[in-house]
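Since the structure comes first, as structure tokens, the remarks are kept for the end.
Just so you know, all these numbers are worked out from the coordinates, no wet-lab data involved. Predicted model only: the values in this text are computed from it and were never measured. Reconstructed Cβ throughout: ideal geometry from the backbone, glycine too, with neighbour counts over all protein chains shown.
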Amino acid sequence: MQGFFQRYLLLYRPLTSKLNELLGEYELSYSLWQIIFHVKNNGPSTLAAISDYFNIERPSVTRAVQRLEEKQIIEQIPGRNKREKMIQLTELGEDVYLSCREQITTLENSVMKDIPKEELNAAYEVLPKIRENMILRAGEQNE
């Protein structure tokens, strides 16, 4: 299916811009939100786990985590060993998550309005499969 990536990118860029605008009220960006979202939905996490999940470099995660710590949205907790940095949401982080999640849900509902549920379900199911294929292909190329 030629042109799939182009269609995806035509959606991705304005969506990221809209999310950055929405999250800007909290002095956050989409990249910071990803970490908050991951920790909220997966519990206390290591920087390595976050980096691996989002397939981004660890120094980028480290910088983002430092900014979230400065904002008192996340905090470090003891890990399995002294070198392992574990983070979790603070009470403020939980509040910020709930406020942002509510606004993001409103945005999701508005942009998906009038799209049949079957089509939304199909997109919801296929996007993770495409991601998985991308990761598998990258692994094959590195071997």
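What list of ³J(HN,Hα) couplings, whole Hz, do you get for segment 109-121 from phi and the Karplus terms 6.51, -1.76, 1.60, once you set θ to phi - 60° and write x for glycine and proline?
Residue by residue, segment 109-121 yields 4, 6, 7, 9, 4, 6, 9, x, 4, 4, 5, 5, 4 Hz.
What percent does the relative contact order of segment 4-111 come to when contacts are Cα pairs within less than 8 Å and at least six residues apart?
Details: 94 pairs, mean separation 26.9, N = 108.
Value for segment 4-111: 25 percent.
In whole Hz, what ³J(HN,Hα) sequence does segment 57-74 give by Karplus (6.51, -1.76, 1.60; θ = phi - 60°), x for Gly and Pro?
So the Karplus estimates, Gly and Pro as x, are 5, 4, x, 5, 5, 4, 5, 5, 5, 4, 5, 5, 5, 4, 7, 6, 8, 10 Hz.
Eight or more residues apart or on different chains, and alpha-carbon atoms under 27 Å: count the Lys pairs in the chain matching that.
Qualifying lysine pairs in the chain: 15.
How far is it, in nm, from the label point at Tyr12 to the one at Glu27 when both lie 7 Å from their Cα along the line to the Cβ?
Label at Tyr12, label at Glu27, 3.0 nm between them.
Provide Arg131, Arg80, Arg101 in ascending order of the number of other Cβ atoms located within 10 Å of each residue's Cβ, fewest first.
Numbers: Arg131 11, Arg80 8, Arg101 14.
Sorted ascending by nearby Cβ count, the order is Arg80, Arg131, Arg101.
Under a plain spin-label model, where a point goes 7 Å from the Cα along Cα-to-Cβ, how far apart in nm are Ile130 and Glu94?
3.6 nm
Multiply the residue gap between Phe4 and Asn42 by 0.36 nm, knock off their C-alpha separation, and tell me the result in nm, one decimal place.
Working: separation 38, 0.36 × 38 = 13.68 nm, distance 3.01 nm.
Here the segment from Phe4 to Asn42 would lengthen by 10.7 nm.
Could you pull out which residues in segment 1-15 have an amide N less than 15 Å from a spot 7 Å beyond the Cα of Arg137, following the Cα-Cβ vector?
Residues 1-9 fall inside that zone.
Roughly how big is the chain's charge dipole about its Cα centre, with Cβ charges of +1 (Lys, Arg) and -1 (Asp, Glu), in debye to the nearest 20?
On the way: 18 positive and 21 negative charges, 80 e Å.
Roughly 380 debye, rounded to the nearest 20.
Using per-residue counts of other Cβ atoms within 10 Å, averaged over each peptide, order 2-13, 17-28 from highest down.
Values: 2-13: 9.8, 17-28: 14.7.
So the peptides 2-13, 17-28, ranked by packing, come out 17-28, 2-13.
Give, in nm to one decimal, the length gained when the segment between Ser60 and Lys85 is fully stretched (0.36 nm per residue of separation minus the Cα-Cα distance). Please report the intermediate quantities before stating the final value.
Working: separation 25, 0.36 × 25 = 9.00 nm, distance 1.45 nm.
Net length gain for the segment: 7.6 nm.
Could you give the length gained on full extension between Ile104 and Gln76, defined as 0.36 nm per residue of separation minus the Cα-Cα distance, in nm?
Details: separation 28, 0.36 × 28 = 10.08 nm, distance 2.63 nm.
Here the answer is 7.4 nm.
Quick check on the exposure proxy: order Ser31, Ser45, Ser110 from fewest to most C-beta atoms within 10 angstrom. Write down the numbers at each step before the final one.
Details: Ser31 17, Ser45 22, Ser110 8.
Starting with the residue having the fewest Cβ neighbours, the order is Ser110, Ser31, Ser45.
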